[in-house]
Number of protein chains: 2
Amino acid sequence: MNHIITDNNWQIEDGAEKDVVLGSRLRLARNLEDFHFPYQASLTEKNKIIDELFNSLGFLDEENYYFLKMNDLSDLEKQVLREKNLISIDHAKNTDGRALLINNELNLSIMINEEDHLRIQSFGAGLEFSKIWHRADQIDDLIESKVSYSFSDKWGYLTTCPTNVGTALRASAMCHLPGLVITGKMYDILGAAGKFGLSVRGVYGEGSGSVGELFQISNQITLGYSEEEIIDNLESIIYQIIEEERKSRKFLLENDYNKIKDIVMRSLGILKYAHNIEEKEALKYLSRVKLGQTLGLFSEELDNNFFGDLLFKIRKAHLQIDKFTEKDKIDIKRAKTIQKKLLYKE
Amino acid sequence: MNHIITDNNWQIEDGAEKDVVLGSRLRLARNLEDFHFPYQASLTEKNKIIDELFNSLGFLDEENYYFLKMNDLSDLEKQVLREKNLISIDHAKNTDGRALLINNELNLSIMINEEDHLRIQSFGAGLEFSKIWHRADQIDDLIESKVSYSFSDKWGYLTTCPTNVGTALRASAMCHLPGLVITGKMYDILGAAGKFGLSVRGVYGEGSGSVGELFQISNQITLGYSEEEIIDNLESIIYQIIEEERKSRKFLLENDYNKIKDIVMRSLGILKYAHNIEEKEALKYLSRVKLGQTLGLFSEELDNNFFGDLLFKIRKAHLQIDKFTEKDKIDIKRAKTIQKKLLYKE
């Protein structure tokens, strides 16, 4: 199991608009017709659902897919899956009667008996909604050809939480917006998001702040539009945000060159030399170094996808999964992991 | 003139206890018998004093000494001399009827018509009081063989300010005490200094703080002891402070290795990568890097005397003297100066 989850996959791939959009993510919620929703189902019923799905999905090539019962996983393995967003916090915590299907490339996962019977998730680098939608749609169709989904002609796919009813689709892009944050324009974006049916939230921020100038932008509406319409709408607004971000970066370069160059260079210096570093601090400096890279402020060549890769690799469980690490050594290992990545261009 | 003052001399030499003591300094105050003290002397009288001294000291080999009238110097030249402590702030500011004698190695200077007719100063790297005392004493004897000093059998050398009467000698050592500062023991030293007749003050600190953990430790008493006794007493206490500093550093290394290594490495990273840096900030980080060097925390080899050298070279006038530099470019030039020095081991 370990070898599947320690490395990053889509995170180090190239993708559209990757100077701003690190990754895209999409999920579909589905439920089986003949069973209670998970929160009402007994453990026996949940296990029956797992069996039914395992048998129905037996056609999936076993070499490319892993079917895992959550109770069989160690805490650290669950934590790594969580850090990669392959499972939710809840799925890592409450493991009885729950399972997970993931593919080899780690760009597709299906949580079984989370809030809904199936939570199909698809991932990709850059702004690649059509690609990841196609992948999720394909496996959704495959599953639907084997089992009966709970579906209403009036409401569409039925889900545990009514906010998901309809397409039961939520798409999101992880956007790196240092230009908008530094110029203060991010407040305008946040203020306008609701009007466009979008949710914008800091990726690592609890409450107000965001760490690493990373924001998850996703659709709020799942009902009344087709999947394609929802994705197109979200994508077109994200393209506008991308343009605003690029303009802000250009503005900073032209109007505040010395300040920006200093911020960026110091961040690179700290990351290259720190002996130990906490996660949030690392994210802050990585974000700045990434900004410097997109602005062409370095003579040093850094791997194009260093930020997307390290975003995951510097997290607690990722740092510990390959080898037991004492608690007070994790920050040291994080610093070393970053330094190794910044030294070598892949 | 420029070529004499742009480079550092004694600052990059080795000296005793240089892991703690960056440099030693000593001055003698002398006045000529037949003239008013400078604050009472007219401009005509002051110029007469300069002429008298220039003629008396004509025997000094001209190739090795420079005799400069303060009014002939540019503001920037005076500022550089000030930054090197070759002249006082007052001597740079009020230049009428004032002159300066300096030797080629810049380890001897004589201010003429500052607070006293002569202020003989001698400098050296490390804790080298006997060496610099010998140099000052020698030129003092030479001068005394040519002119008549104002001297009282009861009081010793007479000076403008009564606190200097007697030997008119003040010796000081510039000590780098990061271990004592970080462990909090510096407060004990400061508290006890007065009892031993010492003055301890932050080198760049105005008021309470010190920048770069640098302290000037000097004698307060000039009367009632011989020059040798004053120097011996000061030196023996400084040796105790050196021992305390070394113990504190060892303590930090043994008890707080990860924290100290992180502080030191980040400081090195910031100095190596910053695009622009202010003087006080540079001193802070240079101090930490110096600590790291003495603790053997680097794999990189740095010039042994980088700190003593940069202490002067990063100052405003030093950065501008060789080439006109716009005000907003000084911090950039400072960063580059540091980076050049840290890259090359001389």
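The values are calculated or read from the model by the stated rules, or taken from the named source; none is laboratory data. Keep in mind that this is a model prediction, so the values were computed, not measured. No Cβ is skipped: glycine too gets one built from the backbone with ideal geometry, and neighbour counts run over all protein chains shown. Surface areas here come from the heavy atoms of the whole protein model, side chains and all, with no ligands, DNA or RNA. Shrake-Rupley method; radii C 1.70, N 1.55, O 1.52, S 1.80 Å.
Structure notes:
- Rg and Dmax of the protein assembly as shown, both derived from C-alpha coordinates alone, stand at 35.8, 117 Å.
- Formal net charge of residues neighbouring residue A:244 (Cβ-Cβ distance under 9 Å; K, R +1; D, E -1): 0
- Where only DSSP H runs of four or more residues are counted, chain A gives -13500 deg cm²/dmol as its mean residue ellipticity at 222 nm, each run worth -39500 (n - 2.57).
- Computed from the alpha carbon positions, the gyration tensor of region A:1-93 leads to an equivalent ellipsoid with semi-axes of 28, 17, 15 Å, biggest first.
- Low-density loop cleavage sites - trypsin sites (Lys or Arg not before Pro) in region B:255-331, where at most 14 other Cβ are within 10 Å (DSSP): B:323
- Residues listed by number, region A:154-172, amide nitrogen under 12 Å from residue A:40 label point at 7 Å toward C-beta: A:159-161
- Using a Gaussian network model of chain B in which every pair of alpha carbons under 10 angstrom is joined by a spring, one finds that among B:97, B:23, B:194 the greatest mean-square fluctuation is at B:194.
- Candidate residues A:338, B:221: accessible-area rank, largest first, probe 1.4 Å: B:221, A:338
- Measuring from each Cβ of chain B to the axis that turns chain B onto chain A, the shortest distance belongs to B:269, 2 (residue, then whole Å).
- Axial C-alpha extent at least 15 Å, average Kyte-Doolittle at least -1.0 - helices from chain A (DSSP): A:43-56, A:129-144, A:227-255, A:257-273, A:279-294, A:330-343
- Inter-probe distance in nm under a simple model that places probes 7 Å from Cα toward Cβ, at residue A:247 and residue A:74: 5.1
- Candidate residues A:167, B:163, A:337: accessible-area rank, largest first, probe 1.4 Å: B:163, A:337, A:167
- Within the same chain, lysines fewer than 8 places from residue B:84 are excluded, and of the rest, those with a Cα less than 16 Å from its Cα are B:93, B:313, B:316.
- Accessible surface of residue B:111, taken over heavy atoms with a 1.4 Å probe and every protein chain present, rounds to 10 Å².
- Sequence-separation-based contact order of region A:38-121, relative, with Cα cut under 8 Å and 6+ spacing, percent: 32
- Using a Förster distance of 60 Å, the FRET efficiency for residue A:190-residue B:138 (Cβ separation, nearest 0.05): 0.20
- Taking every DSSP beta bridge that has both ends in the protein assembly as shown, the antiparallel portion is near 100%.
- Region A:242-301: C-alpha gyration tensor shape, a/c 1.5 cut-off, then a/b vs b/c: prolate
- Sparse-neighbourhood loop sites, chymotrypsin sites (Phe, Trp or Tyr not before Pro) in region B:24-85 - DSSP loop, at most 10 other Cβ within 10 angstrom: B:39
- Hull volume per residue, based on the alpha-carbon atoms of region A:224-346 and their convex hull, is 148 Å³.
- Inter-copy label distances at residue A:162, shortest first and taken from points set 7 Å along Cα to Cβ: 9.3 nm.
- To the nearest 10, the accessible area of residue A:318 is 20 Å² with a 1.4 Å probe.
- Accessible area expressed per residue, the protein assembly as shown, with surrounding protein chains retained (probe 1.4 Å, Å²): 45
- Rounded, prolate or oblate (a/c below 1.5 giving rounded, otherwise prolate when a/b exceeds b/c) for region A:91-161 by Cα gyration tensor: oblate
- Cβ-vector label at 7 Å, residue B:343, separations to other copies in nm: 2.0
- Over chain A, relative contact order from alpha-carbon pairs under 8 Å, at least 6 apart, %: 20
- Judged by the gyration tensor of its Cα atoms, with axes a ≥ b ≥ c, chain B is oblate; a/c meets the 1.5 cut and b/c is at least as large as a/b.
- Farthest positive-ward along chain B dipole, Cα basis, beta-carbon charges - from B:271, B:294, B:88: B:271
- 3J(HN,Hα) from dihedral phi, region A:167-183, Karplus parametrisation 6.51/-1.76/1.60, rounded to Hz, x for glycine, proline: 6, 6, 10, 10, 10, 8, 10, 8, 10, 9, 10, x, x, 5, 5, 5, 7
- Probe 1.4 Å, all protein chains present, accessible-area order of A:155, A:10, largest first: A:155, A:10
- Shortest-first distances to equivalent copies, position residue A:63, nm, label 7 Å out along Cβ: 8.6
- Pairwise FRET efficiency - residue B:301 versus residue A:343, Cβ, R0 = 22 Å, nearest 0.05: 0.70
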